[in-house]
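The values are calculated or read from the model by the stated rules, or taken from the named source; none is laboratory data. Bear in mind the structure is a predicted one, so any value in this text is a computation, not a measurement. Note that we place each Cβ from the backbone using ideal geometry, even for glycine, and neighbour counts take in every protein chain shown. Side chains are part of the model used for accessible areas, which takes the heavy atoms of the whole protein and leaves out ligands, DNA and RNA. Shrake-Rupley method; radii C 1.70, N 1.55, O 1.52, S 1.80 Å.
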Amino acid sequence: MKTQIINGKVVLPSRLEKTNILIDNGVITSISAKAVKDNTIRTIDATGKVVLPGFIDLHTNGIGGFDLTNGVYDPVENKFSIRKEAYKNELNNALRNYASTGTTLVGFTTLEASIKKLKKIFSYIAEYKNSYKSILKDIIHGIYMEGTFMKVEEYKGAHNPKYFFKPSIRLFEDLQRAAEGNIRIVNVVPEWGGDAIKLIRYLTKNNILCAAGHTSANGEEYNRAIGNGLKLAIHVLNGPSSTSFKPFDYGGALESLLRSDKMSVEIIPDGYHVDKSYLMDIIKRKGIDKCIAISDSMFITNMKKVKQFSINGVTGKLSKNGEYIQIAGKEDTNSLFGSTLTMDKAFSNLLTWFTQPVEGIWNSIHPPLKYDEAIVAASRMCSFNPARILNINPVQQINDGSIEKGNKANIVVGDIAKNESGHELLINQVLLNGNTVFPK
């Protein structure tokens, strides 16, 4: 069945324009000033609303009681289960939860775990993708391995160094077999030296995105990794990555990723994990097109009744305003445990910051953009930029992340409300491959 979205203010790759979108078989077939007059076509009237490309959350650990690594959370028992059928069912519910926030593609991220456990959950994900009867499975782009190939304990963040492993092509191939090819992004920290470089080269050759975060690498080590295929910096300024103000070794990881035009950076725009002043400085230094908004959300996101929990021996506590998680007992030390950000909120925050003057740290002031420019910039960071670095479907030439003829019809329709603090996206409808997945 064909669908058209009419009369909306559509966020195109470089401008905001009132226009109409025609969809056929899940693909955008026309963007035109004239709507189609045909009673057989389902019509969505977006008068007064904004029409956005679906959000791509490149880096998320879970939502709504589901954690990719640990499985289904039981708030009564305060523990997780990875029983297969429950895992797959709750994975599907988690994807529905993502859809409700306008997210139409995720890079599902692992914490550290034993190889045996990783193989088990990777096989569950493959089985879900292969046989589960749900259109929501198209929301999974693939698995993002964050914790496995880290090294230095001081840079562990919330990860358990017990399950850090030396980079190994053989080990990766073993995990990829269990995942049936669904591993798409891998964190390989450069301080492993030659072992890291070998894996980075192998992953790059096989079209798997190489990332680096939680890294103690100096600038020379980091630059060598960039030269061999490293492309993405994990949640910049949040959590530990090396930095140096001295002239030796070309600085640290931070200095290298800021200097390199080959590197894109993840940022968590919740206003808590990193002060917005620093984030705006990073965006200015790298440029909009090298910055990717992520949630880095945990399973507790969108769980209304859970205020405290334990995971991997660490107790997390939801902040009073419910917008971030602290390490219990360390509330006065600014020790954050994880994120409860969703991509609709990330977009809203970016749009707010881009339309207001923001004081920087290394820059005195970031002047506001015009509204049309700001909404395009926020959309690029939440949709277009992650799609580009993922190089989605280069063979089929059916792309995601922007509203253009020939692209997938992954679309968000909503209102943008103005309030005292700024702008807020209120989602009315979400389309996945042309099908309405929110409201259910």
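Quick notes
- Here the peptides 190-196, 14-20, 259-265, 72-78 are ranked by packing, the mean other Cβ count within 10 Å, and the order with the highest first is 190-196, 259-265, 14-20, 72-78.
- Global size of segment 305-357: 13.6, 42 Å for Rg and Dmax (C-alpha atoms, Rg to one decimal, Dmax whole).
- Kirkwood Rh and Cα Rg combined as Rg over Rh, evaluated for segment 367-440: 1.02
- Within the accessible surface of the chain, defined with a 1.4 Å probe on protein heavy atoms only, the carbon and sulfur portion equals 47 percent.
- Calculated SAXS-style log₁₀ I(q)/I(0) at q = 0.12 Å⁻¹ - segment 14-125, Debye, Cα scatterers: -0.61
- Normalised by the number of residues in segment 204-326, the average gap of Cα pairs under 8 Å and 6 or more apart makes the relative contact order 19 percent.
- In order along segment 303-311, phi translates into HN-Hα couplings of 9, 6, 9, 8, 10, 8, 7, 10, 8 Hz, rounded to whole numbers, per the Karplus curve 6.51 cos²θ - 1.76 cosθ + 1.60 with θ = phi - 60° and x for Gly and Pro.
- Using bins of 5 Å that start at zero, the share of Cα-Cα pairs per bin across segment 148-233 amounts to 3, 16, 28, 26, 18, 8, 1, 0, in whole %.
- Cα shape, segment 280-397, gyration tensor, a/c 1.5 rule: oblate
- Dipole of the chain [Lys/Arg +1, Asp/Glu -1 at C-beta], most positive-end residue of Leu257, Gly54, Asn92: Asn92
- Simple point charges give the picture: +1 on the Cβ of Lys and Arg, -1 on the Cβ of Asp and Glu, and for segment 298-361 a dipole about the Cα centre of about 360 debye.
- Among Ile288, Ile41, Ile226: highest mean-square fluctuation, GNM of the chain, C-alpha pairs under 10 Å: Ile41
- Over the Cα atoms of the chain, the radius of gyration divided by the Kirkwood radius equals 0.95; this is the Rg/Rh ratio.
- The length gained on full extension between Met1 and Asn78, counted as 0.36 nm times the residue separation minus their Cα-Cα distance, comes to 23.2 nm.
- Number of Lys-Lys pairs in segment 1-92 with C-alpha atoms under 26 Å apart and a separation of 8 or more places or on different chains: 14.
- Contour excess over end-to-end distance, with Cα ends at Arg42 and Asn419 and 0.36 nm allotted per residue: 132.4 nm
- When you restrict to C-alpha pairs under 8 Å that are six or more residues apart and normalise by the size of the chain, the relative contact order lands at 19 percent.
- For the chain, share of DSSP beta bridges that run antiparallel, in % to the nearest 5: 60
- Applying D = kT/(6 pi eta Rh) to segment 200-333, where Rh is the Kirkwood radius over alpha-carbon pairs, T corresponds to 25 °C and eta to 0.890 mPa s, the Stokes-Einstein value obtained is 149 µm²/s.
- Treating r as the C-beta distance of Val306 and Glu154 and R0 as 30 Å, the FRET efficiency rounds to 0.50.
- Residue-averaged [θ]222 nm for the chain, counting only DSSP H segments that reach four residues, each worth -39500 (n - 2.57): -7500 deg cm²/dmol
- On full extension, the segment bounded by Lys284 and Tyr371 gains 29.6 nm, given 0.36 nm per residue less the C-alpha separation.
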